[in-house]
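Worksheet for the structure shown next.
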Amino acid sequence: MTVMDVQPRIRRSTVPAGPPAIITDLWAALTERGMSLVDVTWEQQRLHESRRWSVVDMLAAVDLDSLTPTDRMLVWNAGRAELTTKPGADRLERQANAECNRWRDTNPALASAMEACGTWSRYWNEEEAHHETVFNRLADLSGMEPIDDETFINFRQVFPDDDMLRTLVLLAISEITAAVNYGQCQHVVADPGLRRIFKQVAADEIQHRNYFIAFAKALVDSGEYHAKDAFAVAHLFLREDGELQGSARDKLEERGTHVNWWDQLETKEMDFRPEAIEKKEQLVCSALKKITGIEVHTREEVEDTWLDLLGS
Amino acid sequence: MMKTDVQSYLREKFAEHAGLPEDQLFGDDVTLATVIARSPRMTNSIDLMEAFARTANALRKEYGARVRLPAMPLDTPTTTVLKVFQEEFDRQREAVA
Ligand SMILES: [Fe+2]
Ligand SMILES: [Fe+2]
């Protein structure tokens, strides 16, 4: 009997049937339902494919002459902000790989969760490329101040490494901030083509947020990462004069190492600020609930819970 | 008398959570950025925030006052932080009394 004679056995997939979706309970999928990394990656791939869109086509639908100064300013800011996503995704890939190796011997399921995150970073990076190019190209076409190479390179600086759970929560909040901002923009711009772009990008950011929540939850579910770190990052953003205030804060940190896009928005001369702080606060609280299982509703509750989780 | 007690308790607790001796923490030219750079337990401002929070928790356990610290830029001197801690503590005390 040769290899060719062996009847192939049709494997029953552990990937759920139906439309593609984010695996929100990744830890249980890996440890209880026996999903392999091939299965997880297949789910990532088909979700990515189902959500693809064309920057070229979207740009063709914008009526450049109808754009107002506010429209153009929003586009210009968005393009600059999106420049910082590539170093974020590059760093995530590298950090997930390092974490995967760190856990390989002592907690193989956690190593798999880290690898799933690192693998997904390629889809994230590709999707963010759409955002960056759609806005920067549009800003350019509509005659906004060009982004010089020095600024471009400056915005590409890599964020310093941190604890993996903190990193994922920070990225989830960053996506929340972006999604809410673009959602607000969508209601301000008049051109239907531009509105569609903001709507599409906001939907992508929500999907990214959902992925970051799923990975962060897997880390907490593994028992190796502590919920306190999720709350610490949330507090950093929500506290009075915290990161959520973005460029509206009186004094910004001179970081020197990397650029936080939320610090760099230039909205001073505009009559519109896409802030919606309460909405962001509510979404951060809901993210914390999904990641840690702990329910909070306000920034004060976030701080109190964080202090309680810390001890003295 | 009370004030010096709280001050020395604050210094002691913060030094403990920063993993540094007090004289390296509260000199004239020491800022929050210096603390992060010197502390073996800190890599960024979240670690710093956590050390303050643990200090606030200790203060609460010892004196029963819950202190909330505002966000402070990294070029703030540690002596200013101590002052703010003290002011917040006094405010809490008065509110309770
Ligand atoms: Fe984006
Ligand atoms: Fe995104």
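The values are calculated or read from the model by the stated rules, or taken from the named source; none is laboratory data. Since the model is a prediction, treat every value here as computed from it, not as a measurement. Counting neighbours? That spans all protein chains shown, and the Cβs are built from the backbone with ideal geometry, glycine included. Just the protein is used for accessible areas: all its heavy atoms, side chains included, with ligands, DNA and RNA removed. Shrake-Rupley method; radii C 1.70, N 1.55, O 1.52, S 1.80 Å.
State yes or no: is A:D65 on the phi < 0 side of the Ramachandran plot, away from ligand 1 (no atom under 16 Å from the Cβ) and part of a helix (DSSP H, G or I)? Taking the combined requirement at face value, the residue satisfies it.
Among the residues of segment A:157-191, just one is surrounded by 15 or more Cβ atoms within 10 Å (Cβ to Cβ) and over 24 Å from the mean Cα position of the chain (by Cα), namely A:D191. Evaluated against (1) away from chain A (no Cβ under 14 Å); (2) over 19 Å from A:D241 (Cβ atoms), B:M42 falls short on exactly one condition, (1). Scan segment A:106-113 and give yes if some residue there is within 16 Å of ligand 1 (Cβ to nearest atom) and either at pLDDT 95 or above or of a type outside the set (V, I, T) (or both), otherwise no. No, every residue in segment A:106-113 fails to be within 16 Å of ligand 1 (Cβ to nearest atom) and either at pLDDT 95 or above or of a type outside the set (V, I, T) (or both). The residue pairs whose first member lies in segment A:127-152 and is away from ligand 1 (no atom under 16 Å from the Cβ), whose second member is outside any helix (DSSP H, G or I), and whose beta carbons are closer than 6 Å, counting only pairs six or more residues apart or on different chains, are A:S142/A:L67. In segment B:8-63, the qualifying residues are those that are of a type in the set (K, R) and over 14 Å from the mean Cα position of the chain (by Cα), and the one that is nearest to B:R91 (Cα to Cα) is B:K61.
Checking A:A232, A:A172 one by one, the residue that is away from ligand 2 (no atom under 16 Å from the Cβ) and in contact (Cβ under 8 Å) with a residue 12 or more places away in the chain is A:A232 and no other.
Of all residues in segment B:60-97, those satisfying the criterion of being of a type in the set (A, V, I, L, M, F, W, C), outside any loop (DSSP other than H, G, I, E, B) and surrounded by 17 or more Cβ atoms within 10 Å (Cβ to Cβ) are B:V81, B:L82, B:F85, B:F89. Considering segment A:281-312, the residues that are open to solvent by less than 20 Å² (accessible area, probe 1.4 Å) and more than 9 Å from every other protein chain (Cβ to nearest Cβ) include one that is nearest to A:G223 (Cα to Cα), namely A:I291. Count of segment B:37-58 residues, restricted to those that are among the aliphatic types (A, V, I, L, M) and either open to solvent by 20 Å² or more (accessible area, probe 1.4 Å) or not in a helix (DSSP H, G or I) (or both), is 2. Filter segment B:69-97 down to the residues that are facing chain A (nearest Cβ under 7 Å) and either without any contact (Cβ under 8 Å) to a residue 24 or more places away in the chain or more than 19 Å from A:H235 (Cα to Cα) (or both) and list them by number. Of everything in segment B:69-97, those that are facing chain A (nearest Cβ under 7 Å) and either without any contact (Cβ under 8 Å) to a residue 24 or more places away in the chain or more than 19 Å from A:H235 (Cα to Cα) (or both) turn out to be B:P70, B:A71.
If only residues of segment A:192-207 that are open to solvent by less than 10 Å² (accessible area, probe 1.4 Å) and more than 11 Å from ligand 2 (Cβ to nearest atom) are counted, the one that is nearest to the other protein chains (Cβ to nearest Cβ) is A:F198. Of note, A:L138 satisfies the criterion of being crowded, with 16+ Cβ neighbours inside 10 Å, in a helix (DSSP H, G or I) and away from ligand 2 (no atom under 16 Å from the Cβ). Flag: A:T119 does not match the condition of being open to solvent by 20 Å² or more (accessible area, probe 1.4 Å), out of contact with any Lys or Arg (no Cβ under 8 Å at 6 or more places or on another chain), under 20 Å from A:G183 (Cα atoms) and assigned to a helix (DSSP H, G or I). Quick check, is A:A203 at pLDDT 95 or above, within 12 Å of ligand 1 (Cβ to nearest atom) and over 13 Å from A:L283 (Cβ atoms)? So A:A203 fits the description; yes.
Return yes or no: is A:N154 in a helix (DSSP H, G or I), buried (at least 24 other Cβ atoms within 10 Å of the Cβ) and more than 12 Å from the chain's Cα centre (by Cα)? Taking the combined requirement at face value, the residue does not satisfy it.
Scan segment B:19-28 and give yes if some residue there is open to solvent by less than 20 Å² (accessible area, probe 1.4 Å), at the interface with chain A (Cβ under 10 Å from one of its Cβ atoms) and not aromatic (F, W, Y), otherwise no. Looking for residues that are open to solvent by less than 20 Å² (accessible area, probe 1.4 Å), at the interface with chain A (Cβ under 10 Å from one of its Cβ atoms) and not aromatic (F, W, Y), one finds none in segment B:19-28, hence no.
Scanning segment A:90-111 turns up no residue that is open to solvent by 70 Å² or more (accessible area, probe 1.4 Å), in contact (Cβ under 8 Å) with a residue 60 or more places away in the chain and in a helix (DSSP H, G or I). Might you check whether a residue that is hydroxyl-bearing (S, T, Y), within 22 Å of B:S45 (Cα to Cα) and modelled with pLDDT of 95 or more occurs anywhere in segment A:211-224? The answer is no; no qualifying residue exists. Answer yes or no as to whether A:V189 is more than 14 Å from chain B (Cβ to nearest Cβ), away from ligand 1 (no atom under 16 Å from the Cβ) and touching a Leu at 6+ places or on another chain (Cβ under 8 Å). Against the criterion (more than 14 Å from chain B (Cβ to nearest Cβ), away from ligand 1 (no atom under 16 Å from the Cβ) and touching a Leu at 6+ places or on another chain (Cβ under 8 Å)), A:V189 qualifies.
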